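Structure record follows, encoded as structure tokens.
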């Protein structure tokens, strides 16, 4: 039960983008070992700009 | 085996539900029949047709690495769990379109629109979305325009680019008109909608400065404030001094929306657009779920007849016969070309496995189509007389309430001034006559669904909550659309004059934003001053442009399928393409050549010009007549343009198909070569996917 709640919660966080920074850090630690990752603030700024530079909302 | 049993059971239920609808033609029908039929039809389409297309037509390969895996950069290319991508994709495609279209099309009765929403989505819209998503995934997430250029040639590419820009302009104008008509003369609605702007900015500052990237916290704060803004709007409405500040006719409100759109385009995204979008997405998902639950609790009886006399083309909300205009009016909800832009944008970069496109592409569209069904139910559970009184412009039935009531009752849909006044008072508005655009009648429908299910004493709050919900939704599209339009203008002018292509250069931002806002602002303003409500002109134009975009997407898809070599398989996209080409061209021909001034753009312009010259118009109408005449000419030429673009792309595709069939050289396209996936799809063990998200 506890596990199920946690799974749903993680799913909500992923869909909403709430844990995007944590996921980025995980990816960074694997793929770019040794370099300094972006700060939470920089990462959010980059994500937002990227998301809204193309068609991401519809009629 | 289990699959087959499920299919048979679903088919039997669907048959019963559809049979129930068909056999009860002369007595009122319960909305649950329609809900049941719809759900079963979607499940059948998903379980069998979509599965067959992914396996046989597209040959989706679970062992093939997707761009999300190959190009994983932790940002836009990220392998993501399919249910998460489904959520993202649904939030991206679902807009106000499926709410407005079915509401307007309800003038034909509930049956034509409902059938088109179901059939159109299952074999048209869902298929288009899924196949475009798949093709873009195979091509490293290329956009529709790029794919058109690669697969058909430069002509197709240019047509897709210009077509997209034009549809953006018409779309934003028509949505702006819907919001303006909902706010017109309503201090409660106007103040609530105005309050959503500072709320969005507050959330934007929170997410950027105070708690960067804590999206859930920011959204919860914002949604709470939005709900409070509905209550605050009520307080403002009850205060004699404050309500005067927010009580405006259409033109100043249109100007406000135009200034707002321009500001949103030049302000940084994090301040207004991004936070507004978080709020609108949360509201959207919440309201869709609430509406579905409430419809089941209330299980209303539909009061609208299955088919009204207006199928003959004399409809008061928009002119034209049921064929082809029901297929133009309901674009989103059945098939929407705009989705092809999203399906070839962000979503393909998140797909972990090729087989996920069935859930993400087909599934999301089926859900959006269901939203359209709910909008149809909300419109047709109203007394037809009330529905027509709300949705018909003063220019059609007369400005005086008594005239409107007499005309509408004369059509066989009895309604009284007292009934309309009582309803207006109940929802907290001064009047509900001639509130065209679809939003107010949908809000009345939603308020009665929510009111019956969750407490009728709050009708006025439910009504304004529904208006706020639609406005937040629409303004997000206005913001996002203006921004995309700005990038396109920068890209287009940048090809001739290099500095304009620098997207962050401020003069370039100002020039391009002003151009795009001026374009949609013009159509919005004309719509607002049109005594017939404007929506009857703009919405068909939007439908035609959206179906044109769908035709481009389906042409690209058909071209690729034909190049693959199995001509029979290409029918899955060619059949909806042929249908759209027939429907759109027929509608366009009628809009251009019809001698009926209500239907034909040029006939309408000539009729108005003749009345103006003979002095038959009252002074206030004569004052705006020259602008309306010019606009009808412009709309006529735009329709010509959309039709020509559609046929250019279609013929270009047929040319490629003919070359392929004769064994001649065709463009090779841009499909990425096969790479074996390192992610094991069997156990769902996907690197980079948050482990907890393996639902």
Query - Cα gyration tensor shape for chain A, rounded if a/c is under 1.5, else prolate or oblate - result: oblate
Query raised in the report: Where does each of B:365, B:661, B:459, B:147 land when they are ranked from fewest to most other beta-carbon atoms within 10 angstrom?
Result: B:661, B:459, B:147, B:365
Query raised in the report: Stretch residue B:297-residue B:589 to full length: gain in nm at 0.36 nm per residue minus the Cα-Cα span?
Result: 100.7 nm
Report task. Using a 10 Å cut-off on Cβ to Cβ distances, tally the other chain neighbours for every residue of B:212-223 and report the average as a whole number. Result -> 4
Query raised in the report: Which whole-number percentage describes the relative contact order of the stretch B:1-155, with Cα contacts under 8 Å and a sequence gap of 6 or more?
Result: 20 percent
Query raised in the report: Shielding of A:40-51 by partners, i.e. mean partner chain Cβ atoms within 10 Å per residue?
Result: 5
Query - Length-normalised contact order of chain B in % [C-alpha pairs under 8 Å, at least 6 apart] - result: 25 percent
Report task. Would you work out if the stretch B:90-224 is rounded, prolate or oblate? Take a ≥ b ≥ c from the square roots of the eigenvalues of the alpha-carbon gyration tensor; rounded if a/c is under 1.5, else prolate when a/b is larger than b/c, oblate otherwise. Result -> oblate
Query raised in the report: Which whole-angstrom value gives the distance between the alpha carbon centres of the stretch B:586-628 and the stretch B:218-274?
Result: 35 Å
Query raised in the report: Alpha carbon centre of the stretch B:437-486 versus the stretch B:328-380: separation in Å?
Result: 20 Å
Query raised in the report: Any idea what angle helix B:187-205 forms with the longest principal axis of chain B, computed on alpha-carbon atoms, 0 to 90 degrees, nearest 10?
Result: 30 degrees
Requested in this report: Compute the long axis of helix B:619-661 from its Cα atoms, compare it with the longest principal axis of the Cα atoms of chain B, and write down the angle in degrees, 0 to 90, nearest 10.
Outcome: 20 degrees
Query raised in the report: Is the shape of the stretch B:1-114 rounded, prolate or oblate, going by the alpha carbon gyration tensor and its root eigenvalues a ≥ b ≥ c, with a/c under 1.5 for rounded and a/b larger than b/c for prolate?
Result: oblate
**Report entry** Ranked list, fewest to most other Cβ atoms within 10 Å of each Cβ, for B:470, B:429
**Finding:** B:429, B:470
Report task. Please determine, in degrees from 0 to 90 and to the nearest 10, the orientation of helix B:364-380 with respect to the longest principal axis defined by the Cα atoms of chain B, where the helix direction is its Cα long axis. Result -> 20 degrees
Query raised in the report: Among A:32, B:89, B:665, B:299, what is the fewest-to-most ranking by other Cβ atoms within 10 Å?
Result: B:665, A:32, B:299, B:89
Query - Simple label model, 7 Å out from Cα along Cβ direction - residue B:655 to residue A:53, nm - result: 3.4 nm
**Report entry** Per-peptide average of other Cβ atoms within 10 Å, ordering B:273-281, B:433-441 highest first
**Finding:** B:433-441, B:273-281
Query - Per-peptide average of other Cβ atoms within 10 Å, ordering B:321-327, B:566-572 highest first - result: B:321-327, B:566-572
Query - Average partner coverage of B:342-350, which counts Cβ from other chains inside 10 Å - result: 2
**Report entry** Principal axis box of the protein assembly as shown, alpha-carbon based, largest edge first, Å
**Finding:** 75, 63, 62
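Would you mind putting B:4-10, B:219-225, B:59-65 in packing order, based on average other-beta-carbon counts within 10 Å, highest first? Intermediate results must be reported in sequence, preceding the final value.
Numbers: B:4-10: 12.3, B:219-225: 18.1, B:59-65: 16.4.
Order by mean packing, descending: B:219-225, B:59-65, B:4-10.
Just so you know, all these numbers are worked out from the coordinates, no wet-lab data involved. What you see is a predicted model; the values in this text were computed from it and never measured. Glycine gets a Cβ as well: all are built from the backbone with ideal geometry, and neighbour counts include every protein chain shown.
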